[in-house]
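Undergrad: This is the structure I have questions about; it appears just below.
The values are calculated or read from the model by the stated rules, or taken from the named source; none is laboratory data. Keep in mind the model is a prediction, meaning the values are calculated, not measured. All Cβ positions, glycine included, derive from the backbone under ideal geometry; neighbour counts span all protein chains shown. Note: areas computed on protein heavy atoms with side chains; ligands, DNA, RNA excluded. Shrake-Rupley method; radii C 1.70, N 1.55, O 1.52, S 1.80 Å.
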Amino acid sequence: MATTKDVVDIASLLSWAFGFSTARSHEYISNIGLETLRLIRGGDGRPVVCAGLLQTAHVFHGKSVQAANIVHVAIAPERRGQGLAVPFVDALCDEAKSNGAVIATLFASTRPVYRKAGFELAGHEIVYEAATAALPSASRLAFDRVELDDPRLAVAYVAKTLAESGLLDRGAAHWNELRRAPTDALAAYLAEGEAAYLILDMGDKTCLKVRDWFAASPDAVQGLLSFLARFRSVYPAVRWHGAPQDDLVAAMPDKGWRLAHQEEWLLRALDPAAALRQRGYHVDQAKLALRIGDKSLAIDVREGAAEVGEGAVASDPVVCVHAPAFVQLFTGFRSASKLARYGLVAGDSAGIRRCDQLFAGPPPWVAEHF
């Protein structure tokens, strides 16, 4: 566990690993909380590895799956390449599981290392950019300036998670990071009837950055884009985190926007059976025997909720999944049919179709980089 005496050394690790300024490192430590930081100490007692462990959940089809975000794993330059990362992450996963998490998620700078620790691609982080001159401006939806910590923003964000797949059930650390400096350039706007909101970063005159947003309906989407269009005289472009099938992009003209950034987040299943029980499903009723490596699970979905038991039921379709592929199947990152083409899923055609139906839904993504 980290103490106040470790703050300077942790700030240095973050600066060396991620290029943070000293001020940004200290702000980040404050935002996520010193109590969330885990360390490996060198022979002199000073930290040589650090990471944050955030208790949270990812929402899949309306249900929260208890999770831990492993954030900003930083290793001192002189200790890199010594095999510290995998056992450190394993220990973080063990702690997360003991605290109730059934999955762990992270962004990886070096994927092979984290694949050795059981992580696999699970969803998208996508940043879109549009020319403000290309934004539609027909709507007159009224927005009011509100405080950055207005509780109505968090309520609206929960509604957003229920319509998507994979979004975080945000804790204080996530919201603190969305409100990070430069706070004098930040502003939050809420539409009438709480139909939409925006948190805007206006600190860069070359690009208006949307740190967070929500729109409850097609009309609200048009209103949000039209509000952003009012900034066209100052900002030539606007950027936002969005879904692979994004509501704002769908409301844009065919030209005027582009993909500015894309990467994937990774997930490790700490307790596959519990994760399957907690997840929501679009199908009302389905049964499937799922073999993950050498372990068999009987899945019985009724009214969108799953009962999961040990061992297969002879009458149910059987699908065999390589352990790393289970993560992609679980989140909906790849379908059973696609994974079967890669040789990572096996079963008869009826079983594969049943698996496709069971894990169908919106593609998984997250609305921030954690």
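Undergrad: If we keep just the residues of segment 43-66 that are among the small types (Gly, Ala, Ser) and touching a residue at least 40 places away in the same chain (Cβ under 8 Å), which is nearest to LEU168 (Cα to Cα)? Give the steps one after another, and end with the answer.
TA: Of the residues in segment 43-66, the ones among the small types (Gly, Ala, Ser) are 43, 45, 51-52, 57, 62, 64.
Next cut, touching a residue at least 40 places away in the same chain (Cβ under 8 Å) only: 51-52, 57, 62, 64.
Numbers: ALA51: 19, GLY52: 16, ALA57: 6, GLY62: 12, SER64: 9 Å.
Looking at the filtered set, the residue picked out is ALA57.
Undergrad: Considering only residues that are touching a helix residue (DSSP H, G or I) at 6+ places or on another chain (Cβ under 8 Å) and part of a strand (DSSP E or B), which ones fall in segment 223-271?
TA: ALA237, VAL238, TRP240, GLY242, TRP257, LEU266, LEU267, ARG268, ALA269
Undergrad: In segment 133-156, how many are part of a loop (DSSP other than H, G, I, E, B) and open to solvent by 70 Å² or more (accessible area, probe 1.4 Å)?
TA: Number of matching residues: 4.
Undergrad: Just one of GLY347, GLY332 is crowded, with 17+ Cβ neighbours inside 10 Å, touching a helix residue (DSSP H, G or I) at 6+ places or on another chain (Cβ under 8 Å) and not hydroxyl-bearing (Ser, Thr, Tyr); which is it?
TA: GLY347
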